[in-house]
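Inspection log for the structure reproduced underneath, given as structure tokens.
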Amino acid sequence: MPRFQARVLVNLRPSVLDPAGEATRAAAVRLGVDGVSRLRIGKAVELELEAPDEQEARRRLELLSDRLLANPVIENWSLELQQS
Amino acid sequence: MSIGVVIFPGSNCDRDVRWATEGCLDLPTRFLWHEDQDLSGLDAVVLPGGFSYGDYLRCGAIARFAPVLQALVDFAAKGGRVLGICNGFQVLTELGLLPGALTRNQNLHFICEDAALAVASSRTPWLRHQSVGSEIVLPIAHGEGRYQCSEDTLKQLQDDDAIALRYCNNPNGSIADIAGITNASGNVLGLMPHPERACDPKIGGVDGQGFLRALIA
């Protein structure tokens with residue numbers, strides 16, 4: 001059975017305020033790093049899975065991302081997938 | 001006639017709820033373990049506050065898959081009363097019984113204080129004895145209580161008269177000052193404030209009693 005490596009990136013939707021990101025951006029200024037105009041914090045979920053083919057692996061990961069890893073009310077997600 | 005109080009791993013207000021319903025109000029109450037699926041004999045179910053399953057991933061995201069909640073979806077569809085308090089409200093949104101989501105407080109603080117609340121609707125049993133606009137005080141204690149939803153959802157909530165409670169002084173950045181909402185039919189209520197902590201006059205008022213009485217009224 002082919003093995004796949006995947007990474008799901010979960011980010012707050014642009015319309016949702018990210019106070020933790022704002023606080024981190026303020027800390028960047030205190031560190032002396034200038035010019036950071038936007039900082040948003042998300043999650044990266046790394047997975048390994050076995051599936052018969054890439055299409056099936058993608059189907060499972062899309063289901064997982066949409067129903068568990070991200071909450072579509074407040075978050076968007078994207079998927080990176082490769083066979084290992 | 002009985003009330004069920006769900007215990008998830010990480011719940012921490014379950015005994016407070018039972019103290020309020022059984023100890024203060026003399027309403028028969030039993031605990032429901034998160035793996036239970038038998039809700040027979042219950043008139044109402046309370047999802048208490050706490051940190052279900054450690055609140056890993058997102059608040060309420062993992063609790064959503066608890067066996068007891070699969071049974072609760074049917075229970076709610078048949079008109080059974082469901083009250084989600086704080087983490088319980090977060091679970092109800094993740095489960096899809098209520099719209100929207102609860103996100104990190106705007107000021108990033110865990111807020112633990114008494115909150116003045118305005119009754120926004122008296123349509124449902126939970127607030128039937130209150131007049132719209134009247135003010136009550138309930139404790140809040142949360143880090144992720146900022147209610148968020150799309151503009152379409154907000155309009156739907158308004159059209160359905162489903163906004164139950166609003167903060168008088170919005171502490172967390174919730175959209176439209178929302179502190180609690182019901183579903184369209186009114187049998188499901190989710191709110192961030194803790195009515196069970198306001199049921200004993202000796203320890204902080206009795207403004208929460210009406211919500212718990214409504215479980216069996």
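Read-outs: derived from the displayed coordinates by stated rules, not from any lab. Since this is a predicted model, take the numbers as computed values, not measurements. Cβ: placed from backbone, ideal geometry, glycine included. Neighbour counts: every protein chain shown.
Descriptive notes on the structure:
- The range A:14-37-the range B:81-158 distance, computed between alpha-carbon centres (Å): 29 Å
- Only helices enter the 222 nm calculation for the protein assembly as shown: every DSSP H run of n ≥ 4 contributes -39,500 (n - 2.57), and dividing by all residues gives -6000 deg cm²/dmol, rounded to 500.
- Equivalent ellipsoid semi-axes - Cα gyration tensor, the range A:3-83, angstrom: 32, 14, 8
- The range B:54-70-the range B:163-181 distance, computed between alpha-carbon centres (Å): 24 Å
- Options A:LEU9, A:ALA26, A:LEU63, ranked by Cα towards positive dipole end of chain A, top entry (Cβ charges): A:ALA26
- A cysteine counts as unpartnered when no other cysteine's C-beta lies under 4.7 Å of its own; in chain B this applies to B:CYS13, B:CYS59, B:CYS86, B:CYS112, B:CYS149, B:CYS168.
- Within the shell of other residues whose beta carbon sits under 15 angstrom from the beta carbon of B:ASP152, the net charge comes to -1, with Lys and Arg scored +1 and Asp and Glu -1.
- Counting all C-alpha pairs of the range B:14-94, share separated by more than 20 Å (%): 29 percent
- Among B:GLU144, B:GLU196, B:GLU22, the largest mean-square fluctuation in a Gaussian network model of chain B (Cα springs under 10 Å) belongs to B:GLU22.
- Compactness of the protein assembly as shown, expressed as Rg and Dmax over alpha-carbon positions, Å: 20.6, 65
- Rounded to the nearest angstrom and listed largest first, the equivalent-ellipsoid semi-axes of the range B:1-139 from its Cα gyration tensor are 22, 21, 15.
- Comparing the range B:70-217 with the 2.2 N^0.38 Å rule of thumb, its C-alpha radius of gyration ratio is 0.96 (two decimals).
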